């Protein structure tokens, strides 16, 4: 016998109906996870929402394929707005079928407003997505119901259990509440200790909290504050010796959630979408101090992982926020961080346009670290445009300022940058001397990644002086550190330099191996240099080059 038990609300409903026969099967459907049935040998099957393709197919069955194919983009939008829920799609199909004059585009537009979406997914005879979700909500305990509503105020598409603990609950209580929500199928645990709503469920939870807007705003601010606090820890883990403006850095708090720079960068990567939304939502609510502090705390992430479009967009918002709250040093700081991104992309005029006001702001405030940083960015822009004398002058002024402050890491970095200009001017011995002093100072400071960056340039300097063995040693030492840094572009710089050494030795096979790795690494970080390397690979693999190699 095959027995179907539909819309069950408890394991106790099922047990009296289980047949004793070993050749029978019982299929139980429920809005809840009936975990108690595990004691009766049940196998659990989670029904996921329909894919967009299957959702479109269901709409076509309800409305007719011609109507769906006439507006394919709107049909896809309807599928997405219904989150793949068959009941929601059924309501959409019924309403559109009853109103053949309605366009799919117009109906999709009516569903985009999250707070009105559920009312649009209801029929007059009480066939309603809202009613189904309300029934699930009513069965929740008070703590789980509170968490369900609160989480809809948090920025982001998913959230870790620690975030729930940050908004009024400790982590143990949060985990218990989330477990109840998962078993009620109102929240999904898509990774261990990481949860998310489907869009319709977020709309439902958001609607339940509408009557207490002040509480929702407080929850949102607490959530954004949690992201800021954790981003500051990640930033300190990656770059512990960099100077900062944000008040959370001044507290002297030490990172406790990350055991390595790579783990901190991976956290940034996992939370990237949520962090960006946190910045946007903080700006929209006028929480400008949170905005600029988040942007400063994201620096290590953008420095090592790039994501240039996000880098540019977020810093534009951060600069506007710093202006709104009248914090000239924060504006100068973020302008320099934005300028660094333009320099990476070899947009030297844009970098100058962004960083010249940063210098004016810093000088007006008399803040030597900020002045030095702005001068350094302007120097790199001049170098990119080919004016080496102007670049060297800026760098020397920058170095003098950090020497006054006693910032040893700042001194080491500027020694490296001056050394790179000297190398460009073919003053090889002076360049090597500056690089060696930089590397020594960074070793004393135990800044392994900073020293690896200096060794990258020092390797190139040794190569220019025909000190090939020393060049290879410096580059391989740098690469060993940068392999663990989580930065594709910094690894690419080193591999690219190794390719040049191999090519000078006419070892084309090794050169091509390094070039292909460098191209892939630059491409992974969105760096424009991958096009330059692609052309170099094409040149080395051309028939003419092969003939020349054979002649050699």
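Every number here is computed from the coordinates shown, using simple stated rules; none is lab data. A quick note: this is a predicted structure, and the numbers were derived from the prediction, not measured. Every residue, glycine among them, receives a Cβ derived from its backbone with ideal geometry; neighbour counts consider all protein chains shown.
Okay, here's what the table says:
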item	result
Cα gyration tensor shape for segment 383-494, rounded if a/c is under 1.5, else prolate or oblate	oblate
Option label - P(r) over Cα pairs in 10 Å bins from 0, in percent computed here, alternatives (1) 3, 16, 25, 24, 18, 10, 3, 0, 0; (2) 3, 13, 15, 12, 9, 9, 10, 9, 7, 4, 3, 2, 1, 1, 1, 0, 0; (3) 3, 14, 21, 19, 16, 13, 9, 4, 1, 0	(3)
Helix 288-297 axis, angle to the chain major axis (alpha carbon atoms, nearest 10°)	60 degrees
Relative contact order for segment 444-531, counting Cα pairs under 8 Å that sit 6 or more residues apart, in percent	23 percent
Anisotropy class of segment 149-217 from Cα gyration tensor, a/c 1.5 cut	oblate
Relative contact order of the chain, pairs being alpha-carbon contacts under 8 Å that are 6 or more residues apart, as %	7 percent
Listed peptides 283-294, 260-271 by packing density, highest first (mean Cβ within 10 Å)	283-294, 260-271
Largest-first principal axis extents, alpha carbons of segment 304-433, Å	48, 31, 25
Hull volume in cubic angstrom per residue (convex hull over the Cα atoms of segment 197-327)	123 Å³
Between segment 337-400 and segment 98-121, the Cα center-to-center distance that results, in Å	52 Å
Dimensions (Å) - segment 86-189, Cα atoms, principal axes, largest first	53, 26, 18
The chain: angle of helix 428-444 to the longest principal axis, Cα-based, in degrees nearest 10	50 degrees
For segment 301-329 versus segment 5-70, the gap between their alpha-carbon centres in whole angstrom	47 Å
Sequence ranges 379-386, 104-111, ranked by mean other-Cβ count within 10 angstrom, highest first	379-386, 104-111
Whether segment 52-112 is rounded, prolate or oblate, judged on the alpha carbon gyration tensor where a/c under 1.5 counts as rounded	rounded
Scattering curve values for segment 372-436, log₁₀ I(q)/I(0), Debye with Cα scatterers, q = 0.21, 0.29 Å⁻¹	-0.76, -1.23
Rounded Å value of the spacing that divides the Cα centres of segment 213-274 and segment 417-479	33 Å
Over segment 128-189, relative contact order from alpha-carbon pairs under 8 Å, at least 6 apart, %	35 percent
Estimated 222 nm signal from helices in the chain, with DSSP H stretches of n ≥ 4 weighted -39500 (n - 2.57), rounded to 500	-22000 deg cm²/dmol
Using alpha-carbon coordinates, inclination of helix 448-464 to the longest axis of the chain, degrees	40 degrees
Ordering of 484-497, 396-409 by packing [mean C-beta count within 10 Å, highest first]	484-497, 396-409
296, 346 arranged by Cβ crowding within 10 Å, fewest neighbours leading	346, 296
